[in-house]
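The values are calculated or read from the model by the stated rules, or taken from the named source; none is laboratory data. Keep in mind that what you see is a predicted model, and the values were worked out from it rather than measured. With ideal geometry, Cβ positions are generated from the backbone for all residues, glycine too; neighbour counts draw on all protein chains shown. Side chains are part of the model used for accessible areas, which takes the heavy atoms of the whole protein and leaves out ligands, DNA and RNA. Shrake-Rupley method; radii C 1.70, N 1.55, O 1.52, S 1.80 Å.
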There are 2 protein chains.
Amino acid sequence: MSGTSDAETSEVPRTSPPIIAVDAMGGDHAPGEAVRGAVIAAREHGLRVVLVGRRTEIHAQLSELDALRDIPVVHAEDNLAMHEGALASWRRPRSSAAVACRLIRRGDADALVSAGSTGGVVATSTVRLRTQPGVLRPALAVTLPTGETPTIMVDAGANADAKPEMLVQFAHLGCAYAQTAFGVRKPRVGLLTIGSEPGKGNRLVRRATELLAATAEGAHSIDFRGNIEGHDLLAGKVDVVVTDGHTGNVALKSVEGTAAFAMEAVRQALTSTTLAKAGAFLQRGALRELRERLDSETYGGAALLGLNGTVVIAHGDSRAKGIARACRLAHDLAGGRIGDQIRRRVHTRPPNWLHRLAQSEER
Amino acid sequence: MSGTSDAETSEVPRTSPPIIAVDAMGGDHAPGEAVRGAVIAAREHGLRVVLVGRRTEIHAQLSELDALRDIPVVHAEDNLAMHEGALASWRRPRSSAAVACRLIRRGDADALVSAGSTGGVVATSTVRLRTQPGVLRPALAVTLPTGETPTIMVDAGANADAKPEMLVQFAHLGCAYAQTAFGVRKPRVGLLTIGSEPGKGNRLVRRATELLAATAEGAHSIDFRGNIEGHDLLAGKVDVVVTDGHTGNVALKSVEGTAAFAMEAVRQALTSTTLAKAGAFLQRGALRELRERLDSETYGGAALLGLNGTVVIAHGDSRAKGIARACRLAHDLAGGRIGDQIRRRVHTRPPNWLHRLAQSEER
């Protein structure tokens with residue numbers, strides 16, 4: 001596979017660079033932007049990518065970009081619908097996401113990047129890649145647009161109902177992410193809740209606080225810094241924010257919605273009078289940078305952690321650059337062997353009673 | 001009591017204007033800003049206010065403002081500590097908040113305004129004013145800084161653990177608020193969750209969806225518009241957003257934190273280069289307006305709904321203007337007889353099994 005420079009190879013320890021399977025059919029602007037993103041990933045970032053989807057459509061796009069020989073294509077006749085439920089999604093064995101998972105299971109690829117519907121990709125990859133031994137549930141990790149150091153939030157929406165024991169595992173998954181993607185040696189972990197004092201929060205949080213406080217010992221101890229409130233999400237106080245998927249998803253979307261609202265308000269404020277318009281003209285560079293920083297595409301998307309294979313889910317409305325960034329993230333996670341890190345952290349199978357507990361509460 | 005103009009009186013139907021008891025000792029800047037806020041409320045908004053707290057301190061402040069004869073003072077020797085737990089707070093029978101509640105119970109005041117710790121004021125007023133008949137739990141309502149029409153979120157943090165039946169009541173409380181404070185005839189209600197399709201969300205949300213959908217009939221029906229996601233909080237799609245106190249508090253603080261983060265980023269972007277500085281100079285007016293709009297003090301604070309008496313909790317770091325706005329909100333709610341509206345909506349006592357259910361799950 002071309003497009004891989006020697007410099008790139010030397011960054012990845014032990015094995016050859018990971019192969020990223022890009023779901024060409026996922027996202028609002030598929031296949032065009034997905035294909036262009038894969039080409040950027042290959043040409044500009046030097047990553048090894050393969051496109052999965054309807055061959056004729058992908059070939060037409062690649063041909064336009066003069067990239068037919070740069071990126072191999074694996075055919076998949078079906079695709080996940082953007083607004084299809086999770087159940088319907090994973091029933092499609094010939095979808096591009098399902099075929100990409102098959103490549104990973106066979107060892108022909110290491111990671112999946114898709115801008116398809118989050119529910120559909122989570123369901124498809126969970127069923128087809130399965131969870132790593134000892135992992136109770138896979139969880140979505142997202143990077144928040146904090147100032148200096150990025151903060152990772154887990155779970156951002158894979159599990160609407162969580163158990164306290166799962167939150168402890170989410171902390172481990174988030175720590176593995178922070179170490180692999182950002183080289184944080186000893187990630188600081190906070191628990192998202194409604195007050196900074198211990199004992200604040202709902203029953204789930206109160207019990208998880210006890211369990212997290214008890215993990216301070218051992219080789220893979222957690223540096224638990226206690227409770228984190230919503231207004232601290234962007235303050236960079238911790239490296240990993242742990243929460244259930246319901247709260248995490250609402251918090252993430254509140255942050256994204258407010259950032260978009262604020263940027264729109266700034267835009268309007270800056271163009272409301274002639275004087276302000278003149279001012280805005282002088283500031284275009286600075287404001288563009290700011291918009292970039294608050295843009296949810298900047299960090300490449302959400303990683304679904306805890307499966308036998310790396311999965312990165314880009315925003316549904318991702319453009320080519322967003323897809324390329326998601327490929328970069330998938331490369332860093334798979335190349336850094338995040339799976340091995342998670343395996344070491346969640347090294348013992350949980351006792352049977354814990355498995356039973358997790359399953360008995362399903363309805 | 002002076003400071004009440006005739007114009008003011010004519011706005012309030014049926015009875016004399018409500019009397020607002022202002023907790024002079026609550027908040028980071030008490031008693032100075034609380035007293036100044038009360039004076040603004042009386043002089044500029046023409047409201048009837050009474051200050052509650054340590055008489056000598058309050059008199060000293062009033063004297064400086066030449067307002068000794070404008071506002072009566074009721075002495076309270078104690079006060080709630082800002083970071084004291086809820087339990088400790090409501091044990092203080094001589095705190096300014098507790099004394100203000102006594103004024104309300106005796107009929108000497110109609111509303112309490114405090115910038116004290118939310119947990120302390122919620123605990124104190126819930127114990128001392130008690131819930132209205134049929135109300136399962138009081139809930140905190142806040143106004144989100146949406147564009148055209150304000151959106152009310154209930155519960156913003158009074159109940160970390162909620163039952164589906166409580167969420168239905170929160171919808172009624174929020175509707176009564178929207179009607180009383182903003183004159184919305186038929187408030188549209190949304191349920192905060194992690195996907196827009198029905199059936200998305202955690203167990204609590206899924207059950208509440210069924211119950212809310214069943215309230216479409218009757219005199220006090222709810223105009224339930226289904227699920228609302230985090231990024232819709234500021235979009236003005238509904239008038240009332242219903243959620244449990246855990247999710248609501250995290251969402252509220254995520255919005256506040258992101259707005260503050262974005263404003264700071266804008267400030268930095270606008271002063272990063274000489275050209276940008278020149279631009280910023282031209283835009284000061286427009287940006288000041290924007291900051292005002294995103295400022296959480298603008299809407300006067302959170303209302304604790306469902307008690308026998310109006311309670312408004314201002315931000316802990318409120319300045320005089322924030323306290324005055326909280327007084328204005330308390331005036332509108334008490335003067336509009338929100339208590340009567342809630343009584344009509346929650347008119348039947350819930351069946352015994354529901355009460356038992358609510359209590360059996362407490363630990």
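Among helices (runs of 4 or more DSSP H) lying entirely in segment A:50-140, which contain 3 or more residues that are in contact (Cβ under 8 Å) with a residue 40 or more places away in the chain?
A:96-106, A:118-129
Considering only residues that are open to solvent by less than 20 Å² (accessible area, probe 1.4 Å) and either within 16 Å of A:Ile338 (Cβ to Cβ) or at pLDDT 90 or above (or both), which ones fall in segment A:140-156?
Answer for segment A:140-156, where residues must be open to solvent by less than 20 Å² (accessible area, probe 1.4 Å) and either within 16 Å of A:Ile338 (Cβ to Cβ) or at pLDDT 90 or above (or both): A:Leu140, A:Ala141, A:Val142, A:Thr143, A:Thr151, A:Ile152, A:Met153, A:Val154, A:Asp155, A:Ala156.
Condition first: open to solvent by 10 Å² or more (accessible area, probe 1.4 Å), within 11 Å of another protein chain (Cβ to nearest Cβ) and assigned to a helix (DSSP H, G or I). Now tell me which residues in segment A:165-207 satisfy that.
Once the filter is applied, which keeps residues that are open to solvent by 10 Å² or more (accessible area, probe 1.4 Å), within 11 Å of another protein chain (Cβ to nearest Cβ) and assigned to a helix (DSSP H, G or I), segment A:165-207 yields A:Arg203, A:Leu204, A:Arg206, A:Arg207.
Exactly one condition in (1) at pLDDT 90 or above; (2) open to solvent by 10 Å² or more (accessible area, probe 1.4 Å) is false for A:Ala88; which is it?
The failed condition is (1).
Filter segment B:122-139 down to residues that are within 14 Å of chain A (Cβ to nearest Cβ) and open to solvent by less than 10 Å² (accessible area, probe 1.4 Å), then give me how many there are.
Final tally of qualifying residues: 1.
Filter segment A:264-280 for residues that are more than 7 Å from chain B (Cβ to nearest Cβ) and assigned to a helix (DSSP H, G or I) and give the result. Walk me through how you get there before you give the answer.
Restricting attention to segment A:264-280, the residues satisfying the condition of being more than 7 Å from chain B (Cβ to nearest Cβ) are A:264, A:267-268, A:271, A:274, A:277.
Once the filter is applied, which keeps residues that are more than 7 Å from chain B (Cβ to nearest Cβ) and assigned to a helix (DSSP H, G or I), segment A:264-280 yields A:Glu264, A:Arg267, A:Gln268, A:Thr274, A:Lys277.
Can you name the residue in segment A:213-252 that is surrounded by fewer than 23 Cβ atoms within 10 Å (Cβ to Cβ) and in a helix (DSSP H, G or I) and, of all such residues, is farthest from the other protein chains (Cβ to nearest Cβ)?
The residue in question is A:Ala213.
Testing B:Gly257 on (1) more than 7 Å from every other protein chain (Cβ to nearest Cβ); (2) of a type outside the set (Val, Ile, Thr); (3) surrounded by fewer than 22 Cβ atoms within 10 Å (Cβ to Cβ); (4) under 30 Å from B:Thr209 (Cα atoms), one condition comes back false. Which one is that?
Among (1) more than 7 Å from every other protein chain (Cβ to nearest Cβ); (2) of a type outside the set (Val, Ile, Thr); (3) surrounded by fewer than 22 Cβ atoms within 10 Å (Cβ to Cβ); (4) under 30 Å from B:Thr209 (Cα atoms), B:Gly257 violates only (1).
Checking the condition open to solvent by less than 30 Å² (accessible area, probe 1.4 Å) and at pLDDT 85 or above, which residue from A:Gly322, A:Gly300 passes?
A:Gly322
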